[in-house]
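The block underneath contains the structure these notes are about, expressed in structure tokens.
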Amino acid sequence: MGGSEADYKLNYIISAAAGFLSGMIGSMGFGGGGVLIIYLVIFADYPQLKAQGINLIFFIPCAALSVIIYLFKKQIKFKEIYPVILGGICGALPAGFLLGGIDSRLLPKIFAAFLICTGILTVIKTKKENKLL
């Protein structure tokens, strides 16, 4: 029943482009996972929780490659990253368990609110740094 071979190829190309864009944005430190999750949920019709799982798996090779590149550029200050790593692990464990108890229809709304708030805070911070406020 599915679509034609041309539809399959187009979906494959669009998925590859979304992955490429997410990888580039993520490697620059701008949160490419947000792009990937939005693509998977809205355009590829994945459930939010599954999209988040795919994003986590996708992140591993992107992060590993980015770390290697930044190591060669000597842009990683190891003394400063240990608290971030510890905090990330301590936050990820309870969040992973809490996700199981959240209604899957509510999760995209929470994620959207998070993205909107993050965007607003970024704009405010940028304006303050550029003394535009």
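None of the figures in this text is laboratory data; all of them are computed from the coordinates on show. This is a predicted model, so every value here is computed, not measured. Neighbour counts are summed over all protein chains in view; Cβ atoms, including those assigned to glycine, are modelled from backbone coordinates with ideal geometry.
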Computed over the range 5-76: relative contact order in percent, which uses C-alpha pairs under 8 Å that are six or more apart
23
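From the helices alone, meaning DSSP H stretches of at least four residues, give me the mean residue ellipticity at 222 nm for the chain, per-run term -39500 (n - 2.57), in deg cm²/dmol to the nearest 500.
Numbers: 5 runs with 100 residues, N = 133.
Using -39500 (n - 2.57) per qualifying helix, the result is -26000 deg cm²/dmol.
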Spin-label pair ASP103/ILE116, simplified geometry with 7 Å Cα→Cβ offset, distance in nm:
1.8
Counting only residues 5 or more apart in sequence or on a different chain, those whose built amide H sits under 5 Å from that of TYR46 are VAL41
For the chain, what is the relative contact order in percent, using Cα pairs closer than 8 Å and at least 6 residues apart in sequence?
18
Distance cut-off 30 Å, Cα to Cα: go down the list LYS9/LYS50; LYS73/LYS125; LYS9/LYS73; LYS9/LYS125; LYS50/LYS128; LYS50/LYS79 and report the pairs above it.
LYS9/LYS73; LYS9/LYS125; LYS50/LYS128; LYS50/LYS79
Here are several values of volume of the Cα convex hull per residue in Å³: (1) 102; (2) 163; (3) 137. Which one was derived from the coordinates shown?
(2)
Between the range 3-37 and the range 64-111, what's the alpha-carbon centroid distance in Å?
21
